[in-house]
Amino acid sequence: MPHPPIVHRVLNGLVRAELAGINPHTLAVALDRVERANIDLAHHSERGAALILLQYTGYPETINELSVFLAQPRQITPADVLPEMFTEARALNYTRWLPAFFEDADPHLARNSRLLCRWLVNNCRETIRAHQESLDLMRRLADDPSTSAKTAAYLVFTLGSCGTLDDYERITRQAEAVIMGDRENLDMVAEGLYRLYPPALVNALQYFLDQADGRNRQQLTTGLILLEKVAEIDDKAFWRTYADEMGAILDKVSAQAGRNGAVLRLVDQVEKQLGFAALEDGDD
């Protein structure tokens, strides 16, 4: 429904004011609430309309309000989400509701739902992990063969970060879908596998390098992208535990990649991680 000019002027003014918690997404929720309250902003001055919108501004409390929040063309950024506003109940409700929008035909709604999901996992992981029922819709999506590779990356990241080892098989299936169909999101796959069960990440590396075997360049490239993500892991316990496996992986990469400069730099980075992990803690 088109809004009168005063509404657009007030909304633009509030966004330019750069007030905490005031952005196009929370203002969209405010406008939706005002309309449902049958308040006609055209009957107010700009100052009066602004005060009304501020009174109704807030984060979504229902799944319908969440869809309004997410459907804005502007991409959600971390600055749009104030951590202090995310109570345990709100975080869990969003975790339950967000998967309903992952595959939405509206590209803004789908994109922003995934971005908010990633923020939730990174900032509310322990809360979500303590309430496994909040992940039920994620699991149903992971078990659906029609789920897209782009959505699969967020499922691996979420279930790997917040789920349990009972999710291992569904996560590895979704990881394979991402690796074959949406390699731009391999960083989330690597992180999800590592958080759930580090051997799963090592196994994925070994699998793709074994599949390459000097002939399949796509499999080799995928293995190298995963290895690049693994090289960023800053955990001495991981490198000590899997030193033998990573050493064998480096031998295979070196044999398959020849003298490629980028690959040699990657191999050197992994070797430094292994060498640093081998030092005694007092030798750091």
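Values quoted throughout were computed directly from the atomic coordinates according to the rules given, and no laboratory measurement underlies them. Keep in mind that what you see is a predicted model, and the values were worked out from it rather than measured. Cβ: placed from backbone, ideal geometry, glycine included. Neighbour counts: every protein chain shown.
Computed from these coordinates, which is Rg and Dmax of the Cα atoms in Å: (1) 23.2, 75; (2) 20.4, 64; (3) 18.5, 57? From the options (1) 23.2, 75; (2) 20.4, 64; (3) 18.5, 57, the structure gives (1).
With a ≥ b ≥ c the root eigenvalues of the C-alpha gyration tensor of segment 108-186, is it rounded (a/c under 1.5), prolate (a/b larger than b/c) or oblate? Note, shape of segment 108-186 comes out oblate. Dipole size of segment 113-251 about its Cα centre, with +1 on Lys/Arg Cβ and -1 on Asp/Glu Cβ: approximately 320 debye, rounded to the nearest 20. With the cut-off at 1.5 for a/c, could you classify segment 1-67 from its C-alpha gyration tensor as rounded, prolate or oblate? Taking the square roots of the gyration eigenvalues as a ≥ b ≥ c, segment 1-67 is oblate.
Among SER254, SER146, the ranking by other beta carbons within 10 Å of each residue's beta carbon, starting with the fewest, stands as SER146, SER254. Taking a straight line from the alpha carbon of LYS252, these aspartates and glutamates sit under 20 Å away, with near neighbours fewer than eight places off in the same chain left out: ASP210, ASP213, GLU228, GLU232, ASP244, ASP268, GLU271.
Excluding same-chain neighbours fewer than eight residues apart, the aspartates and glutamates reachable from LYS150 by a Cα-Cα span under 17 Å are GLU103, ASP104, ASP106, GLU176, ASP182, GLU184, ASP187, GLU191. Under 19 Å of direct C-alpha separation, and excluding same-chain neighbours fewer than eight residues apart, LYS236 reaches these lysines: LYS272.
The HN-Hα couplings worked out from phi for segment 12-24 by the Karplus form 6.51 cos²θ - 1.76 cosθ + 1.60 (θ = phi - 60°) are 4, x, 5, 5, 5, 5, 6, 7, 4, x, 9, 8, x Hz, whole numbers, x standing for Gly and Pro. Counting beta carbons within 10 Å around each of GLU169, GLU191, GLU103 and listing the fewest first gives the order GLU169, GLU103, GLU191. Taking other C-beta atoms within 10 Å as the exposure proxy, LEU220, LEU250 rank LEU250, LEU220 from fewest upward. The alpha carbon centroids of segment 39-105 and segment 233-278 are separated by 45 Å. To the nearest 10 degrees, how steep is helix 149-162 against the longest Cα principal axis of the chain, on a 0 to 90 scale? That helix lies at roughly 80 degrees to the long axis.
The helix-based estimate of mean residue ellipticity at 222 nm for the chain, built from -39,500 (n - 2.57) per DSSP H run of four or more residues and divided by its residue count, is -21000 deg cm²/dmol to the nearest 500. Going by the alpha-carbon gyration tensor, a ≥ b ≥ c the square roots of its eigenvalues, is segment 56-162 rounded (a/c under 1.5) or, if a/c is not under 1.5, prolate (a/b greater than b/c) versus oblate? Taking the square roots of the gyration eigenvalues as a ≥ b ≥ c, segment 56-162 is oblate. Note on HIS131 and ASN38: with the Förster distance fixed at 41 Å, the Cβ-Cβ geometry gives a FRET efficiency of about 0.65. When all C-alpha to C-alpha distances in segment 197-279 are sorted into bins of 5 Å, what percent of pairs does each bin hold, rounded to whole numbers? Cα pair-distance distribution for segment 197-279, in percent: 3, 16, 30, 27, 16, 7, 1, 0. With 0.36 nm allotted per residue and the present C-alpha distance subtracted, the LEU264-ASP210 stretch has 17.6 nm of extension available.
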